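Inspection log for the structure reproduced underneath, given as structure tokens.
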Amino acid sequence: MPQGGFPWQSERSIPDDLGVPVPQSVPKDAVATEASAREFDIVLFGATGFTGGLTADYLAKHAPQGCRWALAGRSQAKLETVRERLASVDPALADLSLLHADVTDEASLADIATRARVVITTVGPYIE
């Protein structure tokens with residue numbers, strides 16, 4: 001892992017063998033440029049639930065300097081509560097972006113996917 005960051009924040013964003021085919025007509029540098037041009041490095045989807053709250057706490061304490069991240073979920077009010085809690089630990093997080101997303105709304109999922117390099121989902125239920 002690069003010093004002070006996540007593995008994907010290294011100079012070489014795309015390892016030689018990800019196990020994911022990249023079409024020969026698209027240079028690897030073009031793929032890396034498109035991903036780095038996204039608004040957020042990470043979007044945490046499901047941030048208002050128990051597991052999402054734990055993940056938000058972890059990111060608040062351990063995300064590298066300059067990491068652009070946001071919280072996503074269905075309830076704006078609940079997202080604001082999570083952001084306020086995080087801002088009490090780190091005042092810089094008072095401006096953390098909040099995004100609306102709902103698993104029953106395909107357009108909202110597409111929106112967060114196109115705005116982020118990585119989407120972490122903690123949305124349940126995990127067992128029915």
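The values are calculated or read from the model by the stated rules, or taken from the named source; none is laboratory data. None of the values given here were measured: they were computed from a predicted structure. Cβ: placed from backbone, ideal geometry, glycine included. Neighbour counts: every protein chain shown. Protein only, heavy atoms only, side chains kept; ligands, DNA and RNA dropped before computing areas. Shrake-Rupley method; radii C 1.70, N 1.55, O 1.52, S 1.80 Å.
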Label-point separation (nm) for GLN76 and ALA92, each offset 7 Å from Cα along Cα-to-Cβ? 2.8 nm
Loop-located chymotrypsin sites (Phe, Trp or Tyr not before Pro) in the range 40-128 whose Cβ has at most 10 other Cβ within 10 Å (DSSP): TYR126
Per the Kirkwood definition applied to all pairs of different Cα atoms, how many angstroms is the hydrodynamic radius of the range 82-128? 12.6 Å
Under 5 Å from the placed amide H of ARG38, counting only residues 5+ away or on other chains, we find none
Gained length - GLN65 relative to ARG85, 0.36 nm times residue gap less alpha-carbon distance: 5.2 nm
Can you give me the % of accessible surface on the range 45-128 that is carbon or sulfur? Probe 1.4 Å, all protein chains present, nothing else counted. 54 percent
Could you point to the residue in LEU98, CYS67, LEU109 farthest towards the positive end of the range 64-128's charge dipole, with +1 and -1 charges on the Cβ of Lys/Arg and Asp/Glu respectively? CYS67
Expected output is a single nm value to one decimal: the length gained when fully extending between THR51 and ALA113, i.e. 0.36 nm times separation in residues minus the C-alpha distance. What is it? 20.3 nm
